[in-house]
Structure formats: structure tokens, C-alpha cells
1. Would you kindly state how much longer the chain becomes between Ser167 and Ala53 on full extension, computed as 0.36 nm times their sequence separation minus their alpha carbon distance, in nm to one decimal?
2. Which distance in nm do the two modelled labels at Asp157 and Ala104 give, with both placed 7 Å along the Cα-to-Cβ direction?
3. For Val16 and Ala204, FRET efficiency with R0 = 22 Å and r from the beta-carbon atoms, rounded to 0.05?
4. Summarise the long-distance tail of P(r) for the chain by giving the % of C-alpha pairs beyond 25 Å.
5. FRET efficiency for Arg82 and Ala27, Cβ-Cβ distance as r, R0 = 25 Å, nearest 0.05?
6. Antiparallel versus total DSSP beta bridges in the chain: what percent is that, nearest 5?
7. For the chain, what is the relative contact order in percent, using Cα pairs closer than 8 Å and at least 6 residues apart in sequence?
8. Rank these by accessible area, largest first, 1.4 Å probe: Ser37, Ser198, Ser127, Ser178.
Amino acid sequence: MLAAFADERLGYGERVVFENLSLAVRAGERIALLGRSGSGKSTLISALYRRLADAGARVALVPQDHALVPQLSVFHNIYMGRLDRHGALYNALNLIRPFRRERAAVAPLAEELGLAPELMRPVERLSGGQRQRTAVGRAFFRGGDILLADEPVSAVDETQARRILESMAARFATLVLSLHAVDLALESADRIIGLKASRVVVDAPAKALTRGDLDGLYAG
Ligand SMILES: Nc1ncnc2c1ncn2[C@@H]1O[C@H](COP(=O)(O)OP(=O)(O)OP(=O)(O)O)[C@@H](O)[C@H]1O
């Protein structure tokens, strides 16, 4: 068991989102979180991230807002995935003039994510999809056992989305991804968790579900 919630209350100060959440994430699972806007996906991902990080797990995160530094390049934003592996001086020098070995480590990731031509361009001058791929690149560069990603492929086309989801599965043993494309979730995950109005209303193996089974998540 990597992380579990047992009848827990999750929210923001006074604002309770999940009244009594019970959920366990096991090592090796590929979980897709589905649900309409406001159903609680981001709240659950943030809570899982805190729990795993506090427990010392090797976890990487792609937040929904990407949390990039707009003035810095794709290279620098991806490099930030490993900022905590070096001292302040090394990081400052690498900011001013990237070390060859860091460039060599980041370049293949940028290539894999179709960002090679933009490598030294400030993120503020990129498209939404390019920014999203930069945030994915930062999580890939961080690496680890678990990837938590909040709508990580919402701004890229379906072909790119499939490729990125495959790369995620190849790099991380455990995945928890919130996705808005039901078909992609059914294809790429082995467990589907469906949220509706801050409750878990579906929790089943993907292969036991059809698209129609999930329509109710978005109805009403
Ligand atoms: N920082 C916050 N403070 C207070 N309430 C919040 C905060 N963030 C989210 N909420 C509320 O928590 C509920 C769940 O929001 P959450 O962002 O988890 O949903 P979501 O499924 O990720 O939505 P989306 O798909 O739009 O990102 C919503 O009612 C939202 O208004």
C-alpha cells in the first residue's frame, strides 16, 4: 500500500470537499481519475501528493496550473525537477550558463516531448500545449516511483496525448492521472476512479467498464 485515506475529511480550511473519503493506492497501479469540473480531482491529487511526499516516497507531480517560471526557458523549467539534488551555487551557475552535462541530460527529454526546437525559449512565449509538455518534462526529469498528474494531456492533440501517456507508464511504476478524455482513460489506465460531487461513485478495473458506464459521471 502506497497511500490510503480511511474515512477522511479533505478540504480547504472551512471548505470541506470530501466528507469521508476512503481510498487506497497500491504500488504498480495505473489509476485514472475522472469526473466533471469541480468534482474533486485536483483536491484528491494534492492530498495524495502531500501524503506520499510526507512519507518520503519518490513522487513526481504535474500540477494542473503547471507551476512553471514563465521568464525561464524550457531547459530551466525542466531542470527544476532536480533542483533539490544540488546546492544553491550549482543551481545559480546553471541558471546563468547551463552546464553541458545538464543540457545533455535534459535534451533527450525535450526531444521525446517534441520540445527540442523550443529548448532555450522562455516558457512565457510558448503555446499552452508546449507549456504543458514542459511541466511533464520537469516531472520526467525528477523521476521516481510514482507520478501524480492533474490533467497532464488536456492541451495536446490525441496522438501526442497517447504518446505522452505511454512515456509516463514506461517511466513510473505507479500512476495517478486525472484525465478529461474518457476513452484515453479506459485505454491507458487499469483502474478508474470516478468522482461526482466530491464522492467516489466508480472504483473499478478499466477492463470491466465501458464508456457508457461512465456517462453518469458527467450527467446532471
Ligand atoms: N483553494 C481552494 N479553496 C477552497 N475551495 C476550493 C479550492 N480549490 C478547490 N476548491 C473547491 O473544491 C471543490 C473541488 O475542486 P477541485 O479543484 O478538486 O475539482 P476538479 O475536479 O479538479 O475540477 P477541475 O476539473 O475544474 O480542475 C470545488 O467545489 C472547488 O470550488
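The values are calculated or read from the model by the stated rules, or taken from the named source; none is laboratory data. Since this is a predicted model, take the numbers as computed values, not measurements. Glycine gets a Cβ as well: all are built from the backbone with ideal geometry, and neighbour counts include every protein chain shown. Calculation scope for accessible area: heavy atoms of the full protein, side chains included, ligands and nucleic acids excluded. Shrake-Rupley method; radii C 1.70, N 1.55, O 1.52, S 1.80 Å.
1. Working: separation 114, 0.36 × 114 = 41.04 nm, distance 2.25 nm.
Extending this stretch completely gives an extra 38.8 nm.
2. Taking the two extended label points, one gets 3.5 nm.
3. Details: r = 26 Å, r/R0 = 1.18.
After rounding, the FRET efficiency stands at 0.25.
4. Everything past 25 Å amounts to 41 percent.
5. With R0 = 25 Å, the Cβ-Cβ based efficiency is 0.60.
6. Working: 14 of 31 bridges.
DSSP beta bridges in the chain are roughly 45 percent antiparallel.
7. Details: 373 pairs, mean separation 64.2, N = 220.
Reported relative contact order: 29 percent.
8. Values: Ser37 115, Ser198 20, Ser127 55, Ser178 0 Å².
Solvent-accessible surface, decreasing: Ser37, Ser127, Ser198, Ser178.
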